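The structure appears below as C-alpha cells.
The values are calculated or read from the model by the stated rules, or taken from the named source; none is laboratory data. Being a predicted model, the structure only gives us computed values, none of them experimental. Don't worry about glycine lacking a Cβ; one is built from the backbone with ideal geometry, like all the others, and counts go over all protein chains shown. For accessibility, only protein heavy atoms count, side chains too; no ligands or nucleic acids. Shrake-Rupley method; radii C 1.70, N 1.55, O 1.52, S 1.80 Å.
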2 protein chains.
Amino acid sequence: MAKTGERSRAAAGSVLDGLHFALDRSSPVPLYYQLAQQLEAAIEHGALAPGNLLGNEIDLSTRLGLSRPTVRQAIQSLVDKGLLVRRRGVGTQVVHSQVKRPLELSSLYDDLEAAGQGPTTRVVRNERVPASADVAAALGTAEGAEVTLLERLRSAHGQPVAFLCNYLPPALLDLDSARLEATGLYHLMRLAGITLHSARQTVGARAANAEEAALLAEREGAALLTMRRTAYDDTGRPVEYGTHIYRASRYAFDFQLLVRS
Amino acid sequence: MAKTGERSRAAAGSVLDGLHFALDRSSPVPLYYQLAQQLEAAIEHGALAPGNLLGNEIDLSTRLGLSRPTVRQAIQSLVDKGLLVRRRGVGTQVVHSQVKRPLELSSLYDDLEAAGQGPTTRVVRNERVPASADVAAALGTAEGAEVTLLERLRSAHGQPVAFLCNYLPPALLDLDSARLEATGLYHLMRLAGITLHSARQTVGARAANAEEAALLAEREGAALLTMRRTAYDDTGRPVEYGTHIYRASRYAFDFQLLVRS
DNA sequence: GAGTGGTCTAGACCACTAC
DNA sequence: TAGTGGTCTAGACCACTCA
C-alpha cells in the first residue's frame, strides 16, 4: 500500500508528528524511561494538549526505532501516573484535567518547603525509651524494647504549625538533632538507604487540650488535625510510627488519589 | 548440565514448588491476570508467607508453560499492589507487612458499610442550582451554569456522622433521592457507566458553628473534620465536587499510601 | 562466577470501537 | 471493514548481588 491517503482516521490525531524525541541508546537511562520523560515534558509544556490523541503505538514505535513493547512501557508508565488514557479501538489521549502531582507519602517538611514557607524545626526530645504497647505493636517489636522517641515542633513563618511525635525501631538510624532541624525525617531516612514503600495513615480531628494549645499557640479547645501513621520500607518492615497534631487554622492535607483499576 | 544439583542457591526459596496454578487458556481472563490472582490468593491464604522467595521468573514461566514477559506482567501487578518486592540479583519475595487493602478513593458509604456500621442516608436537598464561582471552577463549567446540588446527612447506628454537600455537572446523571438513600453516590455513578479515575482532596479541621453543630448533634465549637474533593473520570473531566464535614468524634480517614517509585 | 531481575526486540493474534 | 489497544510468545543481552 502506498503511503498516500493511508491516514484516513489517524489524521485527526498524531500531534506527535511535529515533536522530536531524542533517544540516547548509549545512556544508562532505559529507553522507555527516556521516552516517558519526554512525553511527560511535552504534556506539561503544553505541546500535547488535553484530549490530543497520541497516534497508534505501531507507527510511533517504527518512527522512533523502538519495539512496540518498549513504547507501550513508556505509555503505560504515564497511564499509571494518570497523565494518559488508553481506549481500545480509539487510541491514547492526554487526560483532560489539570492534574499535577500524584499522591506522595506526604512529608510535612517537604509540603511546607514546596509551598515556599521556609519551615523550621525545633527538636524537643530525641532519646531512647522503652516501647509502650501501641508503639511496640506498630513497630513489630517487643513491648519494653528500646526505641527512639523523637518530638519536634515545626514552624513556618515563625508560627508553630505542627507537633510531631515519632518512634523509630532501635538501631535503624542515628538521628542527629542538628540535621533533624535542617531537614525532614524522611529525607534523612532516604539518605540512610531506607526506601520508603507504603504507609498506613489515620487522619482525624479533635479539640486541643491545654498543653497542646500552649505548644501550638492556639487557645484551648481549638480544632486540631491529627494524623497517626506507620510507615514501611520496601520489604514491608515498619520503620516509623508517628502521632502528629497540626494547627487546623494553618495546615490541611492536600493530596491526589488515583483509583486502582 | 544435568538437573541434579543445579539448585545451589535456589534451594532457599521456591516455595512455589508445592503450589498448583490452574491456568485456563480458553478463558477470556488474561493469563497474567489469572496468575496474579492465584498468587495473591496464595499470599493472602498464607501459602506464600512474608519473606518467601518466589523463585526465578524463567523457571516459573517454563513450569507454567508461559512466556517470561507474561509471568513478569503478573508479578509486576502484585509489585504495584505492594504485595511483592523485586530485588535485582536476589529475587522476588513476599512483602513483610500485614498490608491489607491499598488506597481507594474513599466513599464514606463504603467505609461505613465495610465497618459493618449499617449507614443510613437522608437526602436534604437534591436540586438544580446555578454554579457559584468556586463550584464552576472545580467542575470546569461557566459560572451561573446549572449544576446539581446534593445535600445528604449520613448516619450510623442512628447517630449522625457526616454532612455531605456535592455538586455534579449538568446532565451527567439523574439522581433519584430514593436510590441515593439506599447506597452511595459513587456506586450510582459507577452504575451509570462513569469510571472514576482520580481525585484531588483537601482534608482539614475546624470548629463547628451553631448550624453545623445542630445538624450533627454536636455542641458548638466541637472539632469537625472537613474534606473538599474534586473527582475526575477516566478522561480527566471533573464529575463531582464536594465539601464534606464529619464529626471528628465519630469518624476518621483511614487509608494506605504506596510510595511511587 | 553464577543467578537474579531489568530491558529490549520482532513478530503474532485477538477484542473492541468507530465508520 | 479498518484501526486501535490488549495480550502473548521466544528469544536476547545487560546490570546487579552474592558467594
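Could you please let me know if B:THR243 is without any contact (Cβ under 8 Å) to a residue 60 or more places away in the chain and either part of a loop (DSSP other than H, G, I, E, B) or open to solvent by 20 Å² or more (accessible area, probe 1.4 Å) (or both)?
When the stated conditions are applied, B:THR243 does not pass them.
Give me a count of the residues in the stretch B:38-59 that are farther than 13 Å from B:VAL85 by Cβ, polar (S, T, N, Q) and within 13 Å of DNA strand C (Cβ to nearest atom).
1
Restricting to the stretch A:60-97, what's the tally of residues that are open to solvent by less than 20 Å² (accessible area, probe 1.4 Å), within 11 Å of DNA strand C (Cβ to nearest atom) and free of Cβ contacts under 8 Å to residues at least 12 places away in the same chain?
Number satisfying all stated conditions: 1.
Sort out which residues of the stretch A:120-137 are touching a helix residue (DSSP H, G or I) at 6+ places or on another chain (Cβ under 8 Å), within 19 Å of A:THR230 (Cα to Cα) and not small (Gly, Ala, Ser), and write them in order of number.
The one that is touching a helix residue (DSSP H, G or I) at 6+ places or on another chain (Cβ under 8 Å), within 19 Å of A:THR230 (Cα to Cα) and not small (Gly, Ala, Ser): A:ASN126.
Before we move on, is A:GLY236 of a type outside the set (A, V, I, L, M), part of a loop (DSSP other than H, G, I, E, B) and open to solvent by 20 Å² or more (accessible area, probe 1.4 Å)?
Here the answer is no, as A:GLY236 does not meet what is asked.
Of these, A:LEU48, A:LEU23, which one is out of contact with any strand residue (DSSP E or B) (no Cβ under 8 Å at 6 or more places or on another chain) and either in contact (Cβ under 8 Å) with a residue 12 or more places away in the chain or more than 20 Å from B:ASP234 (Cα to Cα) (or both)?
One residue alone meets the criteria, A:LEU23.
Check every one of the helices (runs of 4 or more DSSP H) wholly within the stretch B:139-230 and list those with 1 or more residues that are within 14 Å of another protein chain (Cβ to nearest Cβ) and open to solvent by less than 60 Å² (accessible area, probe 1.4 Å).
In the stretch B:139-230, B:185-191, B:210-216 are the helices (runs of 4 or more DSSP H) which contain 1 or more residues that are within 14 Å of another protein chain (Cβ to nearest Cβ) and open to solvent by less than 60 Å² (accessible area, probe 1.4 Å).
Looking at the stretch A:239-261, which of its residues are in contact with a helix residue (DSSP H, G or I) (Cβ under 9 Å, 6 or more places away or on another chain), farther than 20 Å from A:VAL161 by Cα and facing another protein chain (nearest Cβ under 7 Å)?
A:LEU258, A:ARG260, listed by residue number.
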